[in-house]
Amino acid sequence: MKVLFIGDSEELLQSISLILKVRWRDLSLIHATEARQATELIHKEQPDIVMHHVDAASPDDFDLIGQIRSFSDVPLIALSQSDDVIDKVRALEMGADDWIHSSCIPMEYIAKVNAILRRCSPLGDGYTTSFLCGKLSINYATHDVCVNGKPVRLTPIEYKILYQLVRNEGSVVSHTDLLHSVWGPHYGADPEFLKKYIYRLRSKIEEDPADPKIICTKRGVGYIFITVSDSTE
């Protein structure tokens, strides 16, 4: 499991690492100390969960929750020493999935993290569940993708695009939504930029990229992941 910790407290960082390794021995913990670094790491590393150490006296800490939510639905826990209900409500309204006191006992902390991962995972427990659609399979835990049982090597960007389309299976994902989800909120609606990556992805998972059956185009709108194609290029 990959965790992004946002905050300045090295002591809390070490405590979280020790606690989570009891349950997730393959834990990979990455660290950001300021907002820009945090958003960049979310895009680059695609963490399974974000743990944000919130200083209740700092409006910027609450604003960062909303900023992350503007481009990502990654599970997010706000950690704080505050017991103020107003602070908790504010964090939840900004988009946090839970508010946990930093002195929470280890077993309760693990249980809360596990519950959030189950609730927020695209198909239940993302660490044990794979997606299977015809000849395409995806292991969410390892990011492994196979076609006809054979591994397909995707770049991080290609995997992010595929993930966003699969999690919205049967629904059109607009150019803008894909650009924001994969590259961040600062990317505008640039269909031609996105089209290049869609072509590369199709060339790896489609039998005939020129006649796609998995990732189909909705002209002028975006793309849709479907089992049986009902759209044309």
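The values are calculated or read from the model by the stated rules, or taken from the named source; none is laboratory data. What you are looking at is a predicted structure, and each value in this text was computed from that prediction instead of being measured. Positions of Cβ are generated from backbone atoms using ideal geometry, with glycine treated the same way; all protein chains shown enter the neighbour counts.
Has the range 45-60 got at least one residue that is in the same structural domain as L13 (by TED's automatic domain parsing), buried (at least 16 other Cβ atoms within 10 Å of the Cβ) and part of a helix (DSSP H, G or I)? Checked against the condition, which is being in the same structural domain as L13 (by TED's automatic domain parsing), buried (at least 16 other Cβ atoms within 10 Å of the Cβ) and part of a helix (DSSP H, G or I), the range 45-60 yields no hits at all. Is one or more of the residues making up the range 57-64 under 28 Å from D26 (Cα atoms), more than 14 Å from the chain's Cα centre (by Cα) and without any contact (Cβ under 8 Å) to a residue 60 or more places away in the chain? Yes - at least one qualifying residue is present in the range 57-64. Scanning the range 1-37 for residues that are more than 17 Å from I65 (Cα to Cα), without any contact (Cβ under 8 Å) to a residue 40 or more places away in the chain and touching a helix residue (DSSP H, G or I) at 6+ places or on another chain (Cβ under 7 Å) yields L27, L29, I30. With more than 21 Å from Q164 (Cα to Cα) and either in contact (Cβ under 8 Å) with a residue 12 or more places away in the chain or surrounded by 14 or more Cβ atoms within 10 Å (Cβ to Cβ) (or both) as the only criterion, which of I86, I68, I42, I110 stands out? One residue alone meets the criteria, I110.
Please pick out the residue among L154, L79 that is surrounded by 14 or more Cβ atoms within 10 Å (Cβ to Cβ), in a loop (DSSP other than H, G, I, E, B) and modelled with pLDDT of 85 or more. Matching residue, one of L154, L79: L154. The set of residues in the range 174-220 being modelled with pLDDT of 90 or more, among the β-branched types (V, I, T) and more than 19 Å from V152 (Cα to Cα) consists of T217 alone.
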